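In what follows, a single structure is set out as structure tokens and then discussed.
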């Protein structure tokens, strides 16, 4: 019996030893696996840095189910990509193949579909495997598409018989409230409107369209319809219907067959009700290329050379609505290629551009703070939406002096006003002079409708003034002008242009290039706009009004239009 107990004890001891050995082996394997995963993540992080993309480990990130289902499971597995964050404005995607053509195409398609800023992250195979398992835990429901859907059928339904504002007025009184709102939006889209103004008075509701920079009355409605119309706009914009005594900002997204629109909506309390202003932002506006800006001749060649320099600052100037953002995006498009890292900070992001890292300011993320962070991201090209203060100006100047191309805007009336504006902020002259490459002054003029424009004869006094301005052009520009046979055109009005006489807009520009003499003037620290204009004239700069008059001679616009925006 004693021997039996001894053998049993021995067996139990051996069994216990085996269990302990297995536990140790398991712990060893787990520890080894953790080390392997840690090394894998370390390698992935290093690879991300070398590729110039962000890195993330999704094991510690709370992935939102509404984000992950934006890409179906089969596509996520085949392309090794997942969407891990979505808040209606931003999409963040993680992949093991950030440079893969199919992945980049998918990301572009998602940006187009949801009108969101996208950001791509590199993840490890282990992190991807973890993320793909999340598909098994989320219910299979269809993602809700943001925004109001206006189809081609809607546009045809409400726009087929719409050739003028009179037609819109006749049709809009025959439809229901929900259709009134859709009809206004459809008419605005068809007429290429930039802004829609809905205003309530004591007797009527008025809808006005801003076309090519000028407001036009579009339709008048009975103010009894106001409660339903304002409620409809608020529902579409995603703002609170019951708040009427405070300003509100909303957004409407419209998806069309070959385009998408993001409409920023502002509600402002007024005496008779809320004023509604909608800004229509078209995604296809970004397709405008550098060569299509309308800069011509010597000015074009000068600016082209400045965009080819490896560092320095190019600044566009002009009032709100003068096309500064469009010019910057066209220059960005020229820079945009796989070898170049482009980062922007904007307020707000107006147009999505594939291949460009776009960020947006907020209360805690200012232009100056964002710019400091951007410089640490190893960019080649930096775009700053606007230089408003000394801190932003100093960081931008420093970036331009340390091997970056910096693009930005500043509020002055012309190119010559750029330097005094910088100095009035407190920028140091000895840093500003070598940092600035080019200053672009610009305005937008309406283009004459090609179908109805007609030749006109100018008063003798006006003709004399125009000839004096054209005589001051550089010889290379002047040689093509027949001063004895100058032709001028004016607006007429037809169905094609809503009887306005103008259709579309084109920029008029002045390009001020930094030169040695101008640097010396800046270094004195006492610089006036007059001194800079004198230097510009001496160096044969074509002024905005001269550029505008050359476009008048080309039949693009009218004399009245050029003087309207420049004087």
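The values are calculated or read from the model by the stated rules, or taken from the named source; none is laboratory data. In this text, all values refer to a predicted model and were calculated from it rather than measured experimentally. Virtual Cβ from ideal backbone geometry, glycine too; neighbours counted across all protein chains shown.
List of remarks:
- Options 506, 562, 527; residue that is over 14 Å from residue 443 (Cα atoms) and either outside any helix (DSSP H, G or I) or touching a helix residue (DSSP H, G or I) at 6+ places or on another chain (Cβ under 8 Å) (or both): 527
- No other residue among 496, 537 is in the same structural domain as residue 308 (by TED's automatic domain parsing), at pLDDT below 90 and out of contact with any helix residue (DSSP H, G or I) (no Cβ under 9 Å at 6 or more places or on another chain) apart from 496.
- Residue check, residue 542 under 23 Å from residue 303 (Cβ atoms), in contact with a helix residue (DSSP H, G or I) (Cβ under 7 Å, 6 or more places away or on another chain) and outside any loop (DSSP other than H, G, I, E, B): no
- Counting the residues of segment 195-240 that are under 16 Å from residue 280 (Cα atoms), touching a helix residue (DSSP H, G or I) at 6+ places or on another chain (Cβ under 9 Å) and not in a strand (DSSP E or B) gives 3.
- For residue 279, the conditions (1) closer than 30 Å to residue 381 by Cβ; (2) in a helix (DSSP H, G or I); (3) at pLDDT 90 or above all hold with the exception of (2).
- Residue 522 vs. criteria within 23 Å of residue 433 (Cβ to Cβ), outside any loop (DSSP other than H, G, I, E, B) and assigned by TED's automatic domain parsing to the domain that holds residue 328: yes
- Checked against (1) within 26 Å of residue 508 (Cα to Cα); (2) surrounded by 21 or more Cβ atoms within 10 Å (Cβ to Cβ), residue 352 meets all criteria but (2).
- Filter pass, residue 344 being at pLDDT 90 or above and outside any loop (DSSP other than H, G, I, E, B): yes
Okay, residues lined up against (1) farther than 24 Å from residue 46 by Cβ; (2) modelled with pLDDT of 80 or more; (3) touching a strand residue (DSSP E or B) at 6+ places or on another chain (Cβ under 7 Å):
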{"site": "94", "(1), (2), (3)": "no, yes, yes"}
{"site": "110", "(1), (2), (3)": "yes, yes, yes"}
{"site": "125", "(1), (2), (3)": "no, yes, no"}
{"site": "142", "(1), (2), (3)": "yes, no, no"}
{"site": "158", "(1), (2), (3)": "yes, no, no"}
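- All positions within segment 360-381 that are touching a residue at least 24 places away in the same chain (Cβ under 8 Å) and not in a loop (DSSP other than H, G, I, E, B): 360, 367, 368, 370, 371, 374, 375, 381
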